[in-house]
Each structure stands twice: as structure tokens, then as C-alpha cells.
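S.K.: My structure is below; once you've seen it, I'll send some questions.
The values are calculated or read from the model by the stated rules, or taken from the named source; none is laboratory data. This is a predicted model, so every value here is computed, not measured. In this analysis, Cβ positions are derived from the backbone assuming ideal geometry, glycine residues included, and neighbour counts consider all displayed protein chains. What goes into the accessible areas is simple: the full protein's heavy atoms, side chains included, and nothing from ligands, DNA or RNA. Shrake-Rupley method; radii C 1.70, N 1.55, O 1.52, S 1.80 Å.
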Amino acid sequence: MLALTELGQRLRQERESKGLSLEDLQKLTKIQKRYLLGIEEGNYEVMPGKFYVRAFIKQYCEAIGLDTDAIFEEYKSDIPSTQTEDMPQQLSRVRSRKEIPQHTKGVSKAYDYLPTVLVVAGVVVVGIIIWVIAQNIVSDKNKEQANQEAPNSEVQQSNTQEETNETTAKNDNSTSEDDQSAADKKEKEKAAKEKAEKEKAEKEKAAKEKKDSGKQEYKEVQKTGRSATYALSGTDAFNLEVTSTQADTWLDVKNGKGNAFFSSILKKGETKEFDLTKETEARVNIGYSPGVELKVNGKAVNLPFDSSKQVRQVVTIQYQPAEAQ
């Protein structure tokens, strides 16, 4: 294994302090794990090019919350410059006029005849158009003459059939409009019913949360290292909301038996809700706590530690339902 550079050591320490593995970082940055490992080990030979080295380091820093400009200035001796990149080989393929093969001269002669060919083709196209128009005129005259010679009885029969068709069409349209009107009315009634039921459920939920929040107690039991334990009592519900407002973070939520409800990246602006009413304990592991908000039964609760000093925090909530007290 290669010796870590100062930059690689700094980045690995920051990543581990936030509780992120290389796999987690790969999900955040979309950069392959082997390139992330190459950055930490200072092994830039595995990169596609020097430009990608700087670009990948920039994405790495942004993902773990470091100031990119400050890192590039502080560790500029560890980061390769892109000014010495080789010029694309395509530029060397430009040839002078003298190098053009002689056989292409015949092509230029062919271009001399191009105007004549285009004129001839244009005349042919115009002739075809005139012929088609003439044929259509003759056909229309023949049809008009045939219609004039048709017996009056056939004309009357045609008119009667058209009237019948119009009447049938009107009846069909009327029936279709009635069916559509009935369907629209039924759909509106269904939507109104669903809206009323949704509003009723929201009011009942709000009333229950307000009732529970008046009796609920959420108090600290102990703190040690980066972990803290709280006791939740005086309520018959245990609903937990976790929101990340500043950056993506690793979030792991388990019950007291170690069964995971969620173990993945919580994206910036995303909220996850958990109904833990049937659990007696929940353990919340937050990889990057700045900007993370917790709510218990709709009521905001503070994180146990200052997020600027303790980035990774673990909160354990012990729940005892009111009916069991």
C-alpha cells in the first residue's frame, strides 16, 4: 500500500469523522471507489488524467464539507497542475494544402459541372409538377360530368341518407354528452369525498399530536463521547422525523434489537418519517449533523451536542407509552 500524502491523510480523517465509508462517498460524488482511494493514497497514476485529479479532489472536498479553495492552496504541492497536459493528437493531424493527395483534383473538376446538372434536374421536376396538375384537372372535370348525368332519384336517395346519418350522429352525440356529464359528476363527488376524508384525518392527527405534546416529556438521561440517551414518556405515540437542510448526510435508524428502519444517504432537503410507537427504543446515528433537525411527535427537539464541535452524533431514545406508566 502506498504511503498517504498529507492531503490524503487530511481527507481520510475528515471522511471518517463524519461516519462515511468509501462506498458512501462513492454514492455522494458518483466517483468510482478506486479513484477516491487513489486520492487518499496520493496514487494519481490511476486517474484518467491530471485534470480529473483536480476535479475529483474538488468533489471529494465538497462532499465532506471542506473549503475547496483553502485545501488547494494549503496542499498545492500534493496536487498536480493541469498546465502540462499533452495536446490532443487530433491537432497534429492537420495537413497543409501540399499534402492533399493528387487524386482529389478530379473531384474539383466534377464540381465545375454541378450548376448544369442542377438546372437540368430543376427543369425535370417542374415538368413533372405541371403534368400532375394537368391530370388532376382532367380527373375533376370527368367527375363533375358524371355527377351531372346521374339520375335525380339517386341524388334524392343520397340526400335522404345524409339526413339520416346527421340525425343518428346528433343522437349519438347527445347520448355521449349525457354519459360524460354523469361521469364528470361522479368523479367530482369522489374527489370531494376523498378531500373531506383527508382533511378529517389531518385534523384528527393534529389534535392527537397537540394532546400528546401537552403531556409528553423528553428528557436527557446521559451523555458520553458522541452519544446521548433520552427518555420519552407521557404519550401514546412515538413518531420521529429527521430532516437534513444543509447537506447530504449518512443516516442510520435502528430499534433496540438492532433491526434497521433506514440505513442510507439522507439528501439535502429530504425528510424521513418513522412510526416507532411499537418500539421501546430507537437509535439514531447521524453522520453529518450540521443542519439536521429532529422532531418527536411533531415537536422539534435539540441535538445533544454542538454540531460545529461534534459532527457525528448518536441519539438513543427510550420510549415508555403513557398507558404503561
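S.K.: Got a number for carbon plus sulfur as a percent of the range 182-325's accessible area, 1.4 Å probe? List each step's numbers first, then the result.
M.R.: On the way: 3940 of 8790 Å².
Of the solvent-accessible surface of the range 182-325, carbon and sulfur hold 45 percent.
S.K.: Now a separate question. Please give me, ordered by residue number, the trypsin sites (Lys or Arg not before Pro) of the range 243-309 that lie in loop per DSSP and have at most 15 other Cβ atoms within 10 Å. Please list the in-between numbers first.
M.R.: Values: sites: LYS254, LYS257, LYS267, LYS268, LYS272, LYS278, ARG283, LYS295, LYS299, LYS309; in loops: LYS257, LYS267, LYS268, LYS278, LYS309.
Taking the range 243-309 and a limit of 15 other Cβ atoms within 10 Å, the loop trypsin sites (Lys or Arg not before Pro) found are LYS257, LYS267, LYS268, LYS278, LYS309.
S.K.: Moving to a separate point now. GluC sites (Glu not before Pro) within the range 240-294: which are DSSP loop residues with at most 14 other Cβ atoms inside 10 Å?
M.R.: Values: sites: GLU241, GLU270, GLU273, GLU279, GLU281, GLU293; in loops: GLU270, GLU279.
Counting only loop positions with at most 14 other Cβ atoms within 10 Å, the GluC sites (Glu not before Pro) in the range 240-294 are GLU270.
S.K.: Sort THR277, THR249 from largest to smallest accessible area, using a 1.4 Å probe on the heavy atoms of the protein chains.
M.R.: Values: THR277 45, THR249 5 Å².
Output order, biggest surface exposure first: THR277, THR249.
S.K.: Sticking with this structure for a sec: Describe numerically, in nm with one decimal, the distance between label points set 7 Å from Cα along Cα→Cβ at ASP184 and at ILE133.
M.R.: 4.8
S.K.: Around LEU66, what is the net charge, scoring Lys/Arg as +1 and Asp/Glu as -1 over all other residues with Cβ under 13 Å from its Cβ? Intermediate values should be presented prior to the final figure.
M.R.: Details: positive: ARG10, ARG12, ARG15, LYS18, LYS58; negative: GLU14, GLU62, ASP67, ASP69, GLU73, GLU74.
After counting each charged neighbour, the total is -1.
S.K.: Ok, one more. For the residue pair LYS205 and THR280, what label-to-label distance in nm results when each label sits 7 Å from Cα along the Cα-to-beta-carbon direction?
M.R.: 2.9
S.K.: Near ALA260, within a Cβ-to-Cβ distance under 14 Å, what is the net charge of the other residues, with Lys and Arg +1 and Asp and Glu -1? Can you show the working numbers first?
M.R.: Details: positive: LYS254, LYS257, LYS272, ARG283; negative: ASP252, GLU279, GLU281.
Here the charged neighbours net out to +1.
S.K.: As a test question: what accessible area, to the nearest 10 Å², does THR280 have when a 1.4 Å probe is rolled over all protein chains in place?
M.R.: Spelled out: THR280, probe radius 1.4 Å, area about 100 Å².
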